[in-house]
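One structure is given here, and the rest of the page talks about it.
The values are calculated or read from the model by the stated rules, or taken from the named source; none is laboratory data. Predicted model only: the values in this text are computed from it and were never measured. Quick reminder, even Gly has a Cβ in these numbers, built from the backbone with ideal geometry, and neighbours come from all protein chains shown. Note: areas computed on protein heavy atoms with side chains; ligands, DNA, RNA excluded. Shrake-Rupley method; radii C 1.70, N 1.55, O 1.52, S 1.80 Å.
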Amino acid sequence: MLRAEMDGPSTTALMVAAYRGRATARKERVCDDPWAAALAGDEGRDVARRYDEAFGPMELWIALRTAFFDARVQRLTSPAGAIAQVVLLGAGFDTRAARLARAGVQFFEVDREETQAVKLARLAKLEGYPVESASYVTCDFERQDFVERLTLSGFEARRPALFVWEGVTAYLTEPAVRATLRRVAEGADPGSVLLFDHLRKRIVSGDVRDDKDQQSRDFVANLGEPLRFGIDYPLPMLYEEGFRRVRMLTFDEVALDLTGTYERSRAFRFQGIVLASRTAPELL
């Protein structure tokens, strides 16, 4: 189970696409997604502008996450990484299948039918976008098994895969997060890798001192996508759900690596990135 049901496409997914588009337009850009702005549309750009008032560093945060995830997809699907299947869980308006295509590597985009339908309609209007770069898998995560749905679309569970689970865990309950972790650990090849991000408990629970943090929580809640899950140290949970290779880092570390900067006021220490596998020896 990846997301709660909604009537239309995810508003936060549109917002993320808008931030990717803005970051790409920067002269000194951290990430590069030439399709993002068009996919976000006016709605996504408007939401991003309003969210800026609650959390000013959000554009950089999204750019860092995009760049880090992109680099790991490229590394793990290289000849040295030897992974030839990439699964985008809760894909939203992700364009990695087009941007990071590599001969012999198959991309699967798994999402709710409502969000995927809107995305495909927008992609059809983008001249030059290679829609065929991915296999599109609809899944009602409340009622359907995403591994089974993937298998029906050509996914091979006995071959290693990279599962990219970006920007999703914060909107789930802990049982839903654990169920997804367990399904990847049990249903995919042991050499598969899961890449995801998470928030810390304080921001999710509302145990914050900064009014901006509270505004940020309230903003996404008012969009109909409230924060539900945060964790400070995910390693015990990952171990309990079957993973034996884990690497964790904060967004502060990613920012320092990709931009050479550190600013405590960004509060990037409260957000983390995880790579996990049952057996894959090299994760970073």
So Ala63 clears everything in (1) open to solvent by less than 50 Å² (accessible area, probe 1.4 Å); (2) of a type outside the set (Phe, Trp, Tyr); (3) farther than 26 Å from Ala276 by Cα; (4) part of a helix (DSSP H, G or I) except one condition, right? Which one? (3)
For region 125-152, which positions are touching a Leu at 6+ places or on another chain (Cβ under 9 Å), of a type in the set (A, V, I, L, M) and modelled with pLDDT of 95 or more? Val131, Ala134, Val137
When both residues are 6+ apart or on different chains and their Cβ atoms are under 7 Å apart, which pairs have a first residue that lies in region 26-38 and is in a loop (DSSP other than H, G, I, E, B), and a second that is polar (S, T, N, Q) and surrounded by fewer than 18 Cβ atoms within 10 Å (Cβ to Cβ)? Val30/Thr259
Exclusive hit being surrounded by 19 or more Cβ atoms within 10 Å (Cβ to Cβ), in contact with a strand residue (DSSP E or B) (Cβ under 7 Å, 6 or more places away or on another chain) and in a helix (DSSP H, G or I), set Val220, Val254, Val274: Val254
Mind checking which residues of region 184-212 are open to solvent by 40 Å² or more (accessible area, probe 1.4 Å) and touching a helix residue (DSSP H, G or I) at 6+ places or on another chain (Cβ under 6 Å)? Arg200
Given the conditions (1) of a type outside the set (Val, Ile, Thr); (2) farther than 29 Å from Asp189 by Cα; (3) touching a Lys or Arg at 6+ places or on another chain (Cβ under 7 Å); (4) open to solvent by less than 10 Å² (accessible area, probe 1.4 Å), which single one is not true for Pro57? (4)
Test result for Ala98, open to solvent by 50 Å² or more (accessible area, probe 1.4 Å), in contact (Cβ under 8 Å) with a residue 60 or more places away in the chain and not acidic (Asp, Glu): no
Residue check, Val87 within 21 Å of Leu258 (Cα to Cα), open to solvent by less than 10 Å² (accessible area, probe 1.4 Å) and not aromatic (Phe, Trp, Tyr): no
Give the residue, chosen from Phe163, Phe155, that is at pLDDT 95 or above and in contact with a helix residue (DSSP H, G or I) (Cβ under 7 Å, 6 or more places away or on another chain). Phe163
Which members of region 3-51 meet the condition of being within 26 Å of Phe146 (Cα to Cα), open to solvent by 10 Å² or more (accessible area, probe 1.4 Å) and at pLDDT 95 or above? Val16
What do you reckon, is Val208 at negative phi and touching a residue at least 60 places away in the same chain (Cβ under 8 Å)? no
